[in-house]
Structures are given as C-alpha cells and as structure tokens.
Amino acid sequence: MTQELQNFIQDYVTLLQEKYNQSLIKVEKSETEADAAFYQGASFTYYDALDLLKAQLEAFGYEIENTETIVPELGKPKKLQENI
C-alpha cells in the first residue's frame, strides 16, 4: 500500500470515528425518543461503514497493523488516538 493510500485510509477512518462518537453524544443529549432513535441509526451507520471498510481492506489482502482499532465496540465511543 502506498503511503498516500495509507494516509487517506487513516484520515477517513478517523473522520468516521469522530462522526460515530458525535452521534453517540447526540443520542445521550436527545430530548425526544424520535431524536434518540435517529441518532442511534446514525451511530449504526457509521459503525457499519467502519466495519465494511475493515472487511474490504482484509479482503483485498492489505495487512493493516491494528485493524481491530478501526471498528469500535457498538454503542461505545472510540478512542481516537488509536488509528491504523
């Protein structure tokens, strides 16, 4: 994998993780059940995107050192200092 591609993937993962974390915060701060449900759906979408990206990297044979750091535990914030 080129350094440029590695940097792109690392930035993309970080941005998705930030959005995932923000959506979890919004679930907690929601004033209505409808808002909470919306942000729970958003959280799952970001989680799914991270999981899909990890699966594709593995399927295409990229050896990423810490692939477990890509996908957070569902429903829990991701520590952002852990990147691929």
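The values are calculated or read from the model by the stated rules, or taken from the named source; none is laboratory data. Quick caveat: nothing in here was measured; it's all calculated off a predicted structure. Counting neighbours? That spans all protein chains shown, and the Cβs are built from the backbone with ideal geometry, glycine included. Heavy atoms of the whole protein, side chains included, go into the accessibility calculation; ligands, DNA and RNA do not. Shrake-Rupley method; radii C 1.70, N 1.55, O 1.52, S 1.80 Å.
Couple of notes before you dig in:
- Residue selected from region 1-25 under the condition hydrophobic (A, V, I, L, M, F, W, C) and over 19 Å from LEU57 (Cβ atoms), by the criterion most open to solvent (accessible area, probe 1.4 Å): ILE25
- In region 26-61, the residues that are open to solvent by 50 Å² or more (accessible area, probe 1.4 Å), among the polar types (S, T, N, Q) and closer than 16 Å to GLU73 by Cα: GLN40, THR45
- Members of region 17-71 found to be acidic (Asp, Glu) and farther than 30 Å from LEU5 by Cα, listed by number: GLU28, GLU31, GLU33, ASP35
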